[in-house]
Structures are given as structure tokens and as C-alpha cells.
Ligand SMILES: *Cc1c(COP(=O)(O)O)cnc(C)c1O
């Protein structure tokens with residue numbers, strides 16, 4: 001079989017499988033003790049007070065928007081260069097998602113652009129730590145405090161990433177400069193539970209709203225109820241969903257979390273090999289890493305300098321796929337999706353930096369199980385294809 005290297009994939013070993021099997025053989029396969037344990041371990045890892053686990057990263061984002069009180073006509077601003085879920089979660093609550101253009105170096109949302117898009121109905125900001133590099137959270141936090149906005153980090157790319165604040169490093173998810181942070185445990189993310197997600201927060205009110213939203217809006221907490229008919233009694237106080245995760249998924253998550261630091265370290269190692277080996281290729285821009293962060297490289301994205309190439313990104317993409325490299329493109333700008341164009345009237349040119357980025361971006365494979373041989377294979381093929389289409393003279 002021809003060698004094919006995907007852009008990302010999970011790393012599940014025998015010890016993970018054993019932990020899942022233990023739960024499957026126990027009395028509780030959902031709603032058991034592993035959920036709470038996983039939540040406590042993630043909260044501790046990130047340095048946050050609370051965590052609530054969900055059935056997916058998208059469910060986590062939706063629940064965070066609910067907890068934030070986003071409702072009819074409230075605006076929440078996110079990045080155009082993200083997965084649709086970062087904006088959809090606002091729509092689920094009846095709100096209106098908007099975008100602010102990105103910075104051309106980090107591809108993260110630009111705080112200056114946030115201020116330009118700001119309106120009276122703006123209620124929340126949803127910065128996305130693209131590729132695992134934390135956004136300019138100090139500036140975003142400043143804007144939020146000045147205008148009384150809630151900040152929900154879409155941290156799906158950035159488990160294990162650090163940012164510096166007053167000379168000290170903190171984990172994304174510590175919520176030192178935000179209200180909540182949502183993570184995903186989809187197989188391509190840093191650790192997996194199959195499907196799954198989690199929200200971290202330091203705010204007890206948000207924590208309680210997240211818990212209730214996860215189970216149909218139903219509470220059994222006596223102090224949150226209007227009356228008490230007896231031990232069977234519960235109250236539905238909000239319109240929630242069944243967004244629960246299972247115990248065996250959380251057993252997998254707990255086992256994976258033990259290896260997270262190693263996973264992140266390997267991702268950083270691969271990124272630095274790529275950076276070094278592509279530094280001499282004039283047609284490629286490698287990722288820029290800010291001084292005050294340590295990125296966790298959920299994805300590794302290069303930008304093509306198309307002016308120096310004879311062909312479009314599409315040709316290079318197809319050639320690399322044919323050579324066995326599972327390149328990808330992250331992301332098609334959300335505002336250019338037919339649904340968003342039609343519903344909100346977005347058009348080409350609305351976010352020019354994001355659109356320029358999109359025309360050049362190419363995601364190369366990166367995941368902890370990648371061997372040095374795999375990495376060299378990718379480098380060789382990328383160099384070969386670029387060399388083939390380089391403009392000369
Ligand atoms: C993966 C991802 C999500 C959604 O997570 P799921 O677990 O797939 O629902 C949201 N936002 C971003 C930026 C993501 O990469």
C-alpha cells in the first residue's frame with residue numbers, strides 16, 4: 001500500500017483501551033464517577049476552578065454561550081478563520097455571530113478589528129487560539145472590561161498551550177483573562193475521548209448554568225429549586241439539552257491526559273523541525289510564534305507565496321495529496337459560507353486579511369505518533385513539489 005500521512009490523528013495505546021474496558025465492565029457506563037474525575041483533572045491541569053464535560057466541543061461552545069446569557073439579537077464576535085462551530089454556537093442561542101479580521105502574522109483575531117466591529121448589541125467575544133497559539137488575550141480582556149463583554153475562548157486548538165502574564169506562564173483554560181474556555185476532544189485534537197468537549201471557568205454561576213444546561217435544564221439541587229416534594233423531585237428550570245458525555249469516554253480522557261505533555265512536546269518538536277527545514281524555501285512562510293506564548297500546534301499551517309509560484313494552491317494541494325501527504329486547508333472563512341452569506345449578507349472583501357490568508361494556506365501533517373521518518377517524508381515531498389512549480393529567472 002502507498003504511504004499516506006494524514007494531517008492529524010489520535011494516539012490511543014493499550015493502556016488507554018484498558019481504562020475504557022474497566023468502565024465498560026463496571027456498573028456505570030454513563031453518569032458515573034469518571035466524568036467528575038476527568039473534569040477535576042482538566043480543571044487542575046489548566047489551573048481553573050471548575051470544568052464541565054460535554055458530548056462534543058460544539059456542545060461545550062453552545063453551553064458556554066448559554067451560560068453567558070447570549071440571547072435574541074445579542075452579537076458575539078469571533079474570527080473568520082475558524083471552524084463553523086465557533087460562530088454557530090451563537091446562532092443556537094438566538095444571537096448573531098459576527099467576525100473581526102485576523103492579524104497577518106499569527107492568523108488570530110485582531111483586537112483593533114474587534115473595536116471596529118463593535119456595536120451596542122455586542123455582548124461577547126469568542127477568540128479562537130488558531131493552530132494552538134494563544135490570542136492577544138490581554139488586549140481582548142481590556143476591551144471586554146471596558147465594554148462589559150463576556151469572553152469565551154474557543155480553545156479547541158490550544159490544550160496545553162501557555163501564555164505569559166506579568167512574567168508568569170499560565171495554561172490556556174486557566175481563564176485568567178476570560179470568563180470561560182471551551183475545548184474539544186475530537187480525535188485530531190491534542191487528546192481524545194472519541195467525541196467530547198469541556199468548558200473551564202472560575203465563575204461559580206457559569207459553572208452551575210453549564211451543569212444544568214447539559215442535562216435538559218434539569219436540576220436536583222435543593223437550593224436552586226422553588227419547592228421540594230421529596231427525594232424524587234427535580235425541576236426543569238431552563239431549556240437545556242442532553243449534552244452528556246459517557247463515563248467510558250472520560251476514562252479514555254483521563255488516560256490520555258496523563259500523556260498530554262508528551263504529546264504537546266512532540267508536536268512542538270515536529271513544528272521546529274519543519275520551521276528549520278523550510279526556512280530556506282523562499283516560497284513558504286512558516287508559522288510565526290509570538291514571544292510571550294508557547295503554542296501547542298494542533299495544526300501546522302504554511303502560507304504559500306503564490307507570487308513566486310507558477311501554479312495555484314489547488315495544484316500544489318492536489319500534487320501533495322497524490323504524493324501521499326494528507327494536506328488540508330484550515331479554514332474556509334466562515335463569512336463566505338453560503339449559509340452566512342445568505343443570512344447575513346457577507347461578501348468577498350469583508351475580511352481581506354482572512355481571505356488573503358485563505359487563498360495561500362496549507363496545513364501539513366502534525367500529530368504525536370508521527371515518526372522522524374514521516375516528518376522527513378513530508379519535508380521531501382513539499383520541497384519537491386515547490387521546486388517543480390518555482391518561478392525561475
Ligand atoms: C474542533 C473544533 C471545534 C468543535 O469541536 P467538536 O468536538 O468537533 O464539536 C470548535 N472550534 C474549533 C476551532 C475546532 O477546531
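Please treat every number below as a calculation from the coordinates, not as lab data. Only a predicted model underlies this, so the values are computations on that prediction, with no experimental measurement involved. Here the Cβ positions follow ideal geometry from the backbone for every residue, glycine too, while neighbour counts run over all protein chains shown.
For the reader, a short list of remarks on this structure follows.
- Ordering of 81-87, 70-76 by packing [mean C-beta count within 10 Å, highest first]: 81-87, 70-76
- Once both labels are positioned 7 Å from their Cα atoms along Cα-to-Cβ, the gap between residue 269 and residue 168 label points is 3.0 nm.
- Computed over segment 302-359, the percent of Cα pairs more than 18 Å apart is 47.
- Difference of contour (0.36 nm per residue) and Cα-Cα distance, residue 3 to residue 41: 9.9 nm
- Figure legend: label point modelled 7 angstrom from the Cα of residue 112 along Cα→Cβ; residues of segment 138-170 with amide N under 15 Å from it are 139-140.
- DSSP bridge pairs, segment 1-156: antiparallel proportion in percent, nearest 5: 10
- Listed peptides 308-315, 21-28, 169-176, 200-207 by packing density, highest first (mean Cβ within 10 Å): 169-176, 200-207, 308-315, 21-28
- Dividing the Cα radius of gyration of the chain by its Kirkwood radius returns 0.99 for Rg/Rh.
- Beta-bridge orientation, the chain: approximately 65 percent antiparallel, per DSSP, counting only bridges with both partners inside.
- Where labels lie 7 Å past Cα in the beta-carbon direction, separation of residue 218 and residue 84 in nm: 3.1
- Volume of the convex hull of segment 20-88 (Cα atoms only), normalised per residue: 137 Å³.
- Gain on full extension, evaluated as 0.36 nm per residue between residue 15 and residue 332 minus their Cα-Cα distance, stands at 110.4 nm.
- Fluctuation leader among 128, 378, 12 - the chain, Gaussian network, Cα springs under 10 angstrom: 12
- Nearest 10 degrees, 0 to 90: helix 313-322 Cα axis against the chain principal axis: 90
- Ranked 278, 54, 163, criterion: other C-beta atoms within 10 Å, fewest first: 278, 163, 54
- Cα long-axis angle, helix 14-24 against the chain (0 to 90 degrees, to the nearest 10): 30
- Structural descriptor for segment 225-360: relative contact order 15 percent, calculated from alpha carbon pairs under 8 angstrom and at least 6 residues apart.
- Among 89, 250, 11, residue whose mean-square fluctuation peaks in a GNM of the chain (springs only between Cα atoms under 10 Å): 11
- Residue of 274, 340, 297 that the Gaussian network model of the chain assigns the largest fluctuation, springs spanning Cα pairs under 10 Å: 340
- Scoring 91-103, 146-158 by mean Cβ neighbours within 10 Å over their residues and listing the highest first yields 146-158, 91-103.
- Relative contact order (%) - criterion: Cα under 8 Å, at least six apart; region: the chain: 22
- Estimated FRET transfer efficiency (residue 312, residue 231; beta-carbon r; R0 45 Å; 0.05): 0.10
- Kirkwood hydrodynamic radius over Cα pairs of segment 104-150, then Stokes diffusion coefficient at 25 °C and 0.890 mPa s, in µm²/s: 221
- Helix axis angle, 247-257 relative to the chain longest principal axis, alpha carbon, degrees: 50
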